[in-house]
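*Asks:* My questions will all concern the structure given below.
The values are calculated or read from the model by the stated rules, or taken from the named source; none is laboratory data. This structure is a prediction, so every number in the text was calculated from the model and none was measured. Methodologically, a virtual Cβ is constructed for each residue, glycine included, from the backbone with ideal geometry; neighbour enumeration extends over all protein chains shown. Accessible surface is based on the protein model in full, side chains and every heavy atom, while ligands, DNA and RNA are left aside. Shrake-Rupley method; radii C 1.70, N 1.55, O 1.52, S 1.80 Å.
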Amino acid sequence: MIMIWRVLNNEKGLALPIVLAVSILLFFIITAVLTQLVRAGHGSAAEWKMIRAQYAAESGIARMQYQLCGGSRSKNDSLITQMNGFQSQTWSEAHHGNQIQIVSVAKGQGVKQTIRVLVAKDTCIIQKWSR
């Protein structure tokens, strides 16, 4: 019994394995945290690009709506809009009834957003949005 007690109390050489174990554990924790931060950064950057592309497509819709309601553009013309590194192409299509469908596709920075709206011919009010 006394011999076992002396072996357990002998702490020579125990510091190195403990320091190595703690260092390895900290390395894995820090690596996991940094990986998650980088992934979150990439995700938020992609989401921000999609939002900007959507705004560019919506601005194309607004320009086409203005052109159609002002009567200065025929229904078959296409409209190109450059905005913040995105290019949106917008065109109108005939739709059934008293409506015109306007389609806008914004591309740039590795993303693409498409928006479709139905506009009343007589009032030029957007009646329905869709992606």
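*Asks:* Using only Cα atoms, locate the centre of the stretch 90-110 and the centre of the stretch 39-57, then give the distance between them in Å, rounded to an integer.
*Replies:* For the stretch 90-110 versus the stretch 39-57, the Cα centre distance is 22 Å.
*Asks:* Over the chain, with a Gaussian network built from C-alpha contacts below 10 Å, which listed residue (Ala21, Ala94, Ala40) shows the highest mean-square fluctuation?
*Replies:* Sorting by GNM fluctuation, first place goes to Ala21.
*Asks:* Another question, if that's okay. If you line up the long axis of helix 15-70 against the longest principal axis of the chain, both from Cα atoms, how many degrees apart are they, to the nearest 10?
*Replies:* 0
*Asks:* Let me check the size of the stretch 84-131 from its C-alpha atoms; what are the radius of gyration and Dmax in Å?
*Replies:* That works out to 12.3, 38 Å for Rg and Dmax.
*Asks:* By per-residue mean of other Cβ atoms within 10 Å, what is the highest-first order of 43-52, 61-70, 114-123?
*Replies:* My ranking of the peptides, most packed first, is 61-70, 114-123, 43-52.
*Asks:* Once you wrap a convex hull around the alpha carbon atoms of the stretch 2-130, what is its projected area averaged over all directions, in nm²?
*Replies:* Projected area, direction-averaged: 13.8 nm².
*Asks:* Considering lysine pairs in the chain that are 8 or more places apart or on different chains, how many have Cα atoms under 25 Å apart?
*Replies:* Taking the Cα cut-off of 25 Å, the pair count is 9.
*Asks:* Ordering Phe86, Phe27 by accessible area with a probe of 1.4 Å, largest first, what comes out?
*Replies:* Greatest to least solvent exposure: Phe27, Phe86.
*Asks:* Another question, then. Can you give the accessible area per residue of the stretch 18-63, in Å², using a 1.4 Å probe?
*Replies:* Accessible area per residue: 73 Å².
*Asks:* Given the Cα-Cα distance of Glu47 and Gln127 and 0.36 nm per residue of separation, how much length would full extension add, in nm?
*Replies:* Between Glu47 and Gln127, full extension yields 26.1 nm more.
*Asks:* Give the calculated FRET efficiency between Tyr66 and Thr35 to the nearest 0.05, with a Förster radius of 41 Å applied to their Cβ-Cβ distance.
*Replies:* The value I calculate is 0.30.
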